[in-house]
Amino acid sequence: MNLMVLGGGQNVGASCYFLKLGKSNILLDAGIGIDKEGLVFTPNLHALKTSPFINSLSQIDEIFISHAHLDHVGYLTHVATESTQANTYMTAVTKALTKYQLYDRVYSNANARELERLATKSVLDRIISVTYAKTIKFRNYSATFFPAGHIPGAMMILFEYRNSKILYTGDYSIANSPLTSGCFDFSGFKIDTMIMCGLHSKHSSYAKNQNGIYKTIEKIYKQIFLGRSVSCQVNQLTKGVEFLKLLNDFNQQDILIYVDKNLLNVIEKLEIPILHENVRLYNSATVSDAPHICITSKKVTKSKYYNMNIDFSLHVDFSEIKNFVTKINARHVYIVHCEKPFSLNDHDIEQAVMRESDCRSQFIFIDNQEIYRL
Ligand SMILES: [Zn+2]
Ligand SMILES: [Zn+2]
């Protein structure tokens, strides 16, 4: 058993992990990243093709996608097109969201639009939907899928190979997130190895209530109170859905919220119960004169709006990670999707858990292009 990180090691973005279980070649996620200058970066597939394991993606047997955020699925068209022999597995909700995410990207990219659209369509046609708590048997291993919380459709994957249990968490949440309840409880599962997306694993100082999104929402309603309409630009559809839910949760006076067509389509298609009476389709000709909020993927250039660019992430905080890894108590925890410490005073999850007498886990912060034998 081997693990190689192709992207999304000790950074966020372009998550893609190669897992070798005996003869089976598996890819976990296929995301893109966007750096500080706004440039897209992708997983290093070349490193995999020049590794001891395979020399072409046509040797990949299965691709599993944990959830529909772009850092996990944004590069699927490319990866799945090259992986000519592989099926792609994800939940039905992730599939629906992925469709919007990938087509959205095609339409915002003017070059090679038609070719990219066709490639995306053929990749989407090859996706196999999986159901929570069901086990699928593959050539020499089996995989079972569990709710991960985080966003609708997100799944954790439990691989069983020979006598080993390996859990890939993807992004997960323990407490309820805007649109989901927390992840599955793995008490008693005796997991040997965990590959964990641990964004805040080096941030002992990070607690959830510091999350900027709540301050942003406060700021929005303050503008409304001052009599000004607010236009919120959200670049990812799934984030738009989460953001609408959060805005609604804090909307105490039935302020009108307008959303663009794409966003409304996703919400209707997924039957997410957030279409309250105060949510309307955005149309610049018919918006109300009263202060209101717009959520769109493109900037609204009307001067009456206070413009905000919305980005946020709702990930488990440090104490939640600590509880989670202590409960799973796997022998080895490979931490990926992990950011640098915020400050010199921050300690990491390994140092925090070392103090717990009954936790036997060994932590490995695995970086891009590193290979480990599991
Ligand atoms: Zn995510
Ligand atoms: Zn992520």
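The values are calculated or read from the model by the stated rules, or taken from the named source; none is laboratory data. Small disclaimer: the values here were computed from a predicted structure and weren't measured. Here the Cβ positions follow ideal geometry from the backbone for every residue, glycine too, while neighbour counts run over all protein chains shown.
Odds and ends about this structure:
- Close contacts from the stretch 156-182, counting a first residue that is in the same structural domain as ILE195 (by TED's automatic domain parsing) and more than 21 Å from GLY31 (Cα to Cα) and a second that is within 13 Å of ligand 1 (Cβ to nearest atom) and among the charged types (D, E, K, R), with Cβ to Cβ under 7 Å and a gap of 6+ residues or different chains, come to PRO178/GLU242; LEU179/GLU242.
- For the stretch 318-348, the tally of residues that are crowded, with 22+ Cβ neighbours inside 10 Å and in a loop (DSSP other than H, G, I, E, B) stands at 3.
- In the stretch 59-83, the residue that is surrounded by the most Cβ atoms within 10 Å (Cβ to Cβ) out of those that are polar (S, T, N, Q) and more than 14 Å from ligand 2 (Cβ to nearest atom) is SER83.
- Meets criteria (in a loop (DSSP other than H, G, I, E, B), among the basic types (Lys, Arg), over 15 Å from PHE64 (Cβ atoms) and away from ligand 2 (no atom under 16 Å from the Cβ)) for LYS165: no
- Only a single criterion out of (1) touching a strand residue (DSSP E or B) at 6+ places or on another chain (Cβ under 9 Å); (2) within 25 Å of CYS338 (Cβ to Cβ); (3) in a loop (DSSP other than H, G, I, E, B) is not satisfied by HIS276, namely (2).
- Residue check for GLY182: modelled with pLDDT under 85, among the small types (Gly, Ala, Ser) and under 30 Å from GLU350 (Cβ atoms): no
- Matching residues in the stretch 184-194 - criterion: being in contact with a helix residue (DSSP H, G or I) (Cβ under 8 Å, 6 or more places away or on another chain) and within 26 Å of ASN11 (Cβ to Cβ): ILE191, MET194
- Restricting SER187, SER204 to those that are under 30 Å from ILE371 (Cβ atoms) and away from ligand 1 (no atom under 16 Å from the Cβ) reduces the list to SER204.
- Residues in the stretch 16-36 that are out of contact with any Phe, Trp or Tyr (no Cβ under 9 Å at 6 or more places or on another chain) and either at pLDDT 95 or above or within 11 Å of ligand 2 (Cβ to nearest atom) (or both): LYS23 only.
- Flag not set for THR42, criterion: β-branched (Val, Ile, Thr), touching a residue at least 24 places away in the same chain (Cβ under 8 Å) and closer than 27 Å to LYS269 by Cα.
- Residues in the stretch 29-58 that are surrounded by fewer than 24 Cβ atoms within 10 Å (Cβ to Cβ), part of a loop (DSSP other than H, G, I, E, B) and among the hydrophobic types (A, V, I, L, M, F, W, C): ILE32, LEU39, PHE53, ILE54.
- For the residues VAL5, VAL93, VAL79, the requirement of being under 25 Å from ASP311 (Cα atoms) and out of contact with any Ser or Thr (no Cβ under 7 Å at 6 or more places or on another chain) singles out VAL93.
- Meets criteria (outside the structural domain of HIS337 (by TED's automatic domain parsing), touching a Ser or Thr at 6+ places or on another chain (Cβ under 8 Å) and either within 30 Å of GLU339 (Cα to Cα) or not in a helix (DSSP H, G or I) (or both)) for GLN233: yes
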